[in-house]
Ligand SMILES: [Zn+2]
Ligand SMILES: [Zn+2]
């Protein structure tokens, strides 16, 4: 299927970019349920998930998705009406679309790292980001459970990026679903990647669920959203991360592995 065909199919199935995102979330959740035995063998922390935490994550997910959608809608309409946002009209070859996607990937990764570091500053953490860190052992719903202010910050990035860089519609067809998939992937609480992941030059730059899981356990390290690049540049990777990753993979490889540690929020 051509990229144009894929875009048409996505548009027919979902209608708007926000419903694209919701659709990906539903598909990921269904996969998680259908392949439960596969995931159960790869659980990072075996901590309890009570009704109060579920309620908290459900309420803040709804508020954050609403805030994010409203921000995207408002900025999208405003920038388009001002003539500041348009899509490229040149032929959408696969390598051009992938290049545009790569620019977005790197730009959002840097934006996320920078804003995430700010979110961990004293009062900002307590008043805003602590909402997300209520889960010390993340699960797919944690992917959306933020203070709505963070929904505004995250949602605002895409329209501003599209105003700054003219991309093809087809690139947007990749960006939206990828964004929501990555958020659910790093919060899924299960490690699927092989033991060599952080040892090879080709793969060690891309985060896996345990990388972000440790951020929820330890708070002051592993801030990256898509890659480990900025954590490595600024020295914020947990010093024992690679050893811990090896230990986790060894534990998961053993039958009937005992549960991992449960973190407590220090703030
Ligand atoms: Zn954080
Ligand atoms: Zn998180």
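The values are calculated or read from the model by the stated rules, or taken from the named source; none is laboratory data. Note that the coordinates shown come from a computational prediction; the quantities given were computed from them, not determined experimentally. Neighbour counts run over all protein chains shown; Cβ positions are idealised from the backbone, glycine included.
Miscellaneous remarks
- Filtering segment 145-155 to residues that are part of a loop (DSSP other than H, G, I, E, B) and more than 10 Å from ligand 2 (Cβ to nearest atom) leaves only 147.
- Within segment 121-135, not a single residue is closer than 21 Å to residue 156 by Cα, surrounded by 14 or more Cβ atoms within 10 Å (Cβ to Cβ) and away from ligand 2 (no atom under 16 Å from the Cβ).
- Only a single item in (1) within 27 Å of residue 48 (Cβ to Cβ); (2) buried (at least 20 other Cβ atoms within 10 Å of the Cβ) is not met by residue 185, and it is number (2).
- Condition check for residue 205: closer than 30 Å to residue 249 by Cα, surrounded by fewer than 20 Cβ atoms within 10 Å (Cβ to Cβ) and over 17 Å from the mean Cα position of the chain (by Cα): no
- Candidate set: segment 176-205, residues that are outside any loop (DSSP other than H, G, I, E, B) and more than 16 Å from ligand 2 (Cβ to nearest atom); chosen: the one modelled with the highest pLDDT: 178
- Some residue of segment 47-70 being under 30 Å from residue 251 (Cβ atoms), at pLDDT below 85 and in contact with a helix residue (DSSP H, G or I) (Cβ under 8 Å, 6 or more places away or on another chain): no
- Evaluation of residue 222 against the conditions (1) crowded, with 17+ Cβ neighbours inside 10 Å; (2) touching a residue at least 40 places away in the same chain (Cβ under 8 Å); (3) within 16 Å of ligand 1 (Cβ to nearest atom); (4) within 28 Å of residue 242 (Cα to Cα) shows that the sole unmet condition is (2).
- Meeting the requirement of 1 or more residues that are in contact (Cβ under 8 Å) with a residue 12 or more places away in the chain and more than 16 Å from ligand 1 (Cβ to nearest atom), the helices (runs of 4 or more DSSP H) wholly within segment 21-140 are 36-40, 51-81, 94-119.
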